[in-house]
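> First, the structure itself, so that you have it in front of you.
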Amino acid sequence: MRREDLELCVDGKQLIISGQRPDCCRPPGCSFLVMEINYGPFSCAFELPEGYDLSEAVAAYQNGFLKIEIPQSSRASSRRQILQITEVK
C-alpha cells in the first residue's frame with residue numbers, strides 16, 4: 001500500500017483508519033485456488049478509553065507499516081479532524 005491510499009480520521013474518542021488497497025500485484029490471466037490478501041476499500045474504527053488525547057495523535061508510514069502515537073492526557077477533544085500521515089524514509 002501507499003501512504004496516499006490511507007486516511008486517518010479522529011471523531012471524538014474514535015480513530016478511524018480507511019483506505020483503498022489496489023489489486024495490482026497479479027499478472028494478467030493469473031488465477032488462484034485460495035487467496036488470503038484482500039483488495040478494495042476498507043475501514044476500521046478504534047474507540048480509545050478515557051485518558052488519551054487523539055487531537056495530539058501523530059501518524060508515520062514507512063515500508064508498508066503505519067505507526068500511530070497517541071499521547072495520554074486528561075483532556076479530551078470532541079471535534080472531528082483528519083490526521084496527516086508523514087512518510088519516513
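> Among the residues of the range 11-60, how many are outside any loop (DSSP other than H, G, I, E, B) and either at pLDDT 85 or above or not hydrophobic (A, V, I, L, M, F, W, C) (or both)?
The qualifying residues number 23.
> May I pose another question? Can you name the residue in the range 9-26 that is more than 21 Å from residue 64 (Cα to Cα) and of a type outside the set (Asp, Glu) and, of all such residues, is surrounded by the most Cβ atoms within 10 Å (Cβ to Cβ)?
Within the range 9-26, the match that is surrounded by the most Cβ atoms within 10 Å (Cβ to Cβ) is 10.
> Quick check, is residue 63 at pLDDT below 90, out of contact with any Leu (no Cβ under 8 Å at 6 or more places or on another chain), loosely packed, with under 10 Cβ neighbours inside 10 Å and closer than 21 Å to residue 84 by Cα?
Spelling it out, residue 63 is indeed at pLDDT below 90, out of contact with any Leu (no Cβ under 8 Å at 6 or more places or on another chain), loosely packed, with under 10 Cβ neighbours inside 10 Å and closer than 21 Å to residue 84 by Cα.
> In the range 66-77, what residues are loosely packed, with under 10 Cβ neighbours inside 10 Å and modelled with pLDDT under 80?
74, 75
The values are calculated or read from the model by the stated rules, or taken from the named source; none is laboratory data. All figures in this text were calculated on a predicted structure; none of them were measured in a lab. Neighbour counts are summed over all protein chains in view; Cβ atoms, including those assigned to glycine, are modelled from backbone coordinates with ideal geometry.
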